[in-house]
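Only one structure is covered here, and it is reproduced in the block below.
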Amino acid sequence: MAEQKTATKKTTTRKAAAAKTKEADHLDAPLFDSAGARQGEVRLPKLIFAEQVNTPVMHQAFVRQTNNARQGTASTKTRATISGGGAKPYRQKGTGRARHGSTREPSMKGGAVVFGPHPRSYAQRMPKQMRRLALRSALSQKANEGRVRVIDGFAIEEPKTSVAVGLMEAIGFDDTTLVVLPAPNFVVSRSFENLAGTKIILARNLNIRDLFTHTYLLLAKDCLELLEENFGKPTRPKGIAQESAEKEAR
């Protein structure tokens, strides 16, 4: 019995160590310089990139964003609003055809639409903390899959697409990429905007749809602190009992 307990304890310890190693691995993202040369690794903020992935919340945030982007201007006319059709198309009896009182009936060509769309708002509301949780989950998923890269900076003096192409090839991107900047940069934006599958976005504007529609994530190193400030978990104010306990402990 004692041997069985010892074996179970060892197995649990190994699993915990393996999970800890895996977490450490996905939090270490490749770091590149402005020329695309590998400069080792950088530690991603655990507060953002070590979140337990919450798929239902991510789905809800994605649906909310796509619905909020809808204009909701589609409109159709009913029998009450469509013009024409005042006269009876043909006599009631004797033709062998079905009875019709108007050419604007839904069953007639050029007639009204039954239960058609009308202008409406598709906007959905979602608590801010849930939206932040969805972003942290998506970012953690990217880190788990090893699709996060960090660059020390962009040394682009003038807008040139060829420089951006060379940088992407040097880093090794082979699919769509979302480039995240800490602040607006006209030169960098102009250099990347003609690349198919590449999009420039500010750290404060990071959203779930862009994370879902781009395979890789290229972060400027200065964005790491901004992500913690904008999308980190809120710190709850300490209660009176907790403050008293801390004072007693001191």
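Applying the set (1) in contact (Cβ under 8 Å) with a residue 60 or more places away in the chain; (2) part of a loop (DSSP other than H, G, I, E, B); (3) surrounded by 14 or more Cβ atoms within 10 Å (Cβ to Cβ) to residue 85 leaves exactly one unmet item: (1). In this structure, residue 25 does not qualify as closer than 29 Å to residue 171 by Cα and at pLDDT 90 or above.
Residue-by-condition table, conditions (1) in contact with an Asp or Glu (Cβ under 9 Å, 6 or more places away or on another chain); (2) assigned to a loop (DSSP other than H, G, I, E, B); (3) over 30 Å from residue 210 (Cβ atoms):
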position: 67; (1), (2), (3): no, no, no
position: 71; (1), (2), (3): no, yes, no
position: 75; (1), (2), (3): no, yes, yes
position: 92; (1), (2), (3): no, yes, yes
position: 95; (1), (2), (3): no, yes, yes
position: 106; (1), (2), (3): no, yes, yes
position: 112; (1), (2), (3): yes, yes, yes
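Here the range 60-76 is the region considered, the condition is being aliphatic (A, V, I, L, M) and open to solvent by 50 Å² or more (accessible area, probe 1.4 Å), and the residue that is nearest to residue 125 (Cα to Cα) is 69. For the range 177-214, the set of residues classified as of a type in the set (Asp, Glu) and in contact (Cβ under 8 Å) with a residue 12 or more places away in the chain consists of 210 only. Scanning the range 34-50 for residues that are touching a residue at least 24 places away in the same chain (Cβ under 8 Å) and within 26 Å of residue 156 (Cβ to Cβ) returns 34, 35, 36, 37, 39, 42, 44. When only residues in the range 115-125 that are touching a Lys or Arg at 6+ places or on another chain (Cβ under 9 Å) and open to solvent by less than 90 Å² (accessible area, probe 1.4 Å) count, which is farthest from residue 234 (Cα to Cα)? Per the criteria, the residue is 116. Candidates are the residues of the range 88-105 that are of a type outside the set (Gly, Ala, Ser) and open to solvent by 60 Å² or more (accessible area, probe 1.4 Å); the one that is nearest to residue 70 (Cα to Cα) is 104.
The values are calculated or read from the model by the stated rules, or taken from the named source; none is laboratory data. Computed from a predicted structure; not experimentally measured. We place every Cβ from the backbone using ideal geometry, glycine too, and count neighbours over all the protein chains shown. Each accessible area value is taken on the protein alone, full model and side chains, heavy atoms only, with ligands, DNA and RNA left out. Shrake-Rupley method; radii C 1.70, N 1.55, O 1.52, S 1.80 Å.
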